[in-house]
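The values are calculated or read from the model by the stated rules, or taken from the named source; none is laboratory data. Everything quoted here is computed from the prediction, not taken from an experiment. As a convention, Cβ positions derive from the backbone with ideal geometry for all residues, glycine included, and neighbour counts pool all protein chains shown. What goes into the accessible areas is simple: the full protein's heavy atoms, side chains included, and nothing from ligands, DNA or RNA. Shrake-Rupley method; radii C 1.70, N 1.55, O 1.52, S 1.80 Å.
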Amino acid sequence: MPKRPPWTVDMSKDELDRHEQAAFSAFIDKIHERYPGETLANFEHNLETWRQLWRVVELSDVIFLICDIRYAPLHCPPALCKFVLRDMGRRMVLVLNKVRPVLCGGGGGCWCWCV
């Protein structure tokens with residue numbers, strides 16, 4: 001997961017933009033060098049998306065991550081959890097949705113209505 005480079009409030013917008021762009025480009029280059037294109041999983045190549053994530057985590061006390069329980073490993077990447085919990089020192093609440101079809105096997109009238 002790309003990390004936001006160190007910054008201070010004294011940096012100009014252009015200076016911060018250059019630092020973030022350089023760090024992100026280095027991250028992308030490193031990923032593409034390490035993993036061949038056909039083995040690389042899809043991930044966001046848009047720096048603006050990562051900037052939004054960095055800022056939201058910086059400004060938040062608690063991060064809520066909503067995951068589809070049927071594909072939880074896909075929607076709850078370990079790198080994101082490590083970034084939020086360890087690197088940023090924030091608390092995280094994992095909300096699992098679509099629990100009923102998993103617990104009940106898709107059938108009606110099961111006991112999981114009380115979960």
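Given a 1.4 Å probe and heavy atoms of the protein chains only, how would you sort 96, 59, largest accessible area at the top?
Ranking 96, 59 by accessible area, largest first, yields 59, 96.
With an 8 Å cut-off on Cα pairs and a minimum separation of 6 or more residues, tell me the relative contact order of the chain in percent.
Working: 84 pairs, mean separation 24.2, N = 115.
Once divided by the residue count of the chain, the mean separation gives 21 percent.
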**Prompt:** If you take the charge dipole of the chain about its Cα centre, with +1 on Lys and Arg Cβ and -1 on Asp and Glu Cβ, which of 96, 76, 56 is farthest toward its positive end?
**Reply:** 96
**Prompt:** If you take the square roots of the eigenvalues of the alpha-carbon gyration tensor of the stretch 1-45 and sort them as a ≥ b ≥ c, do you get rounded (a/c under 1.5), prolate (a/b over b/c) or oblate?
**Reply:** prolate
**Message:** Within the chain, count lysine pairs with alpha carbon atoms under 23 angstrom apart where the residues are 8 or more positions apart or belong to different chains.
**Reply:** 4
**Prompt:** Carbon and sulfur atoms: what percent of the 1.4 Å accessible area of the chain do they account for?
**Reply:** 58
**Asked** Could you give the dipole magnitude of the chain about its Cα centre, charging the beta-carbon of Lys and Arg +1 and that of Asp and Glu -1, in debye to the nearest 20?
**Response** 580
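How high is the FRET efficiency between residue 49 and residue 99 when r is their beta carbon distance and R₀ equals 30 Å, given to the nearest 0.05? The partial results should precede the final answer.
Numbers: r = 28 Å, r/R0 = 0.93.
Rounded to the nearest 0.05, the efficiency is 0.60.
Express in nm, to one decimal, how much length is gained between residue 90 and residue 7 on full extension, taking 0.36 nm for each residue of separation and deducting their alpha carbon distance. If you can, show how the numbers build up before the last one.
Numbers: separation 83, 0.36 × 83 = 29.88 nm, distance 1.89 nm.
That pair, residue 90 and residue 7, stretches by 28.0 nm at full extension.
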**Asked** Any idea of residue 8's accessible area? Nearest 10 Å², probe 1.4 Å.
**Response** 70
**Most positive-pole-ward Cα, 67, 9, 24, against dipole of the chain from beta carbon charges** = 67
**Prompt:** Where a ≥ b ≥ c are the square roots of the eigenvalues of the C-alpha gyration tensor, would you call the stretch 44-94 rounded, which needs a/c under 1.5, or, failing that, prolate if a/b is larger than b/c, or oblate?
**Reply:** oblate
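Keeping all protein chains in place, calculate the accessible area per residue for the chain (probe 1.4 angstrom), answer in Å². Could the numbers behind the result be given before it?
Working: 8320 Å² over 115 residues.
On a per-residue basis, the chain sits at 72 Å².
Would you calculate a helix-derived [θ] at 222 nm for the chain, using -39,500 (n - 2.57) for each DSSP H run of n ≥ 4 and dividing by the full residue count, to the nearest 500? Please report the intermediate quantities before stating the final value.
Numbers: 5 runs with 50 residues, N = 115.
Result for the chain: -13000 deg cm²/dmol, rounded to the nearest 500.
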**Request:** Evaluate the Debye formula for the stretch 17-76 with equal point scatterers sitting on the alpha carbons, no solvent, and hand back log10 of I(q)/I(0) at q = 0.13, 0.21, 0.29 Å⁻¹, in q order, two decimals.
**Result:** -0.50, -1.04, -1.14
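Based on the alpha-carbon gyration tensor of the chain and its eigenvalue square roots a ≥ b ≥ c, which shape applies: rounded if a/c is under 1.5, prolate if not and a/b is larger than b/c, or oblate?
Values: a/c = 3.59, a/b = 1.82, b/c = 1.97.
Judged from the Cα gyration tensor, the chain comes out oblate (a/c at least 1.5, b/c at or above a/b).
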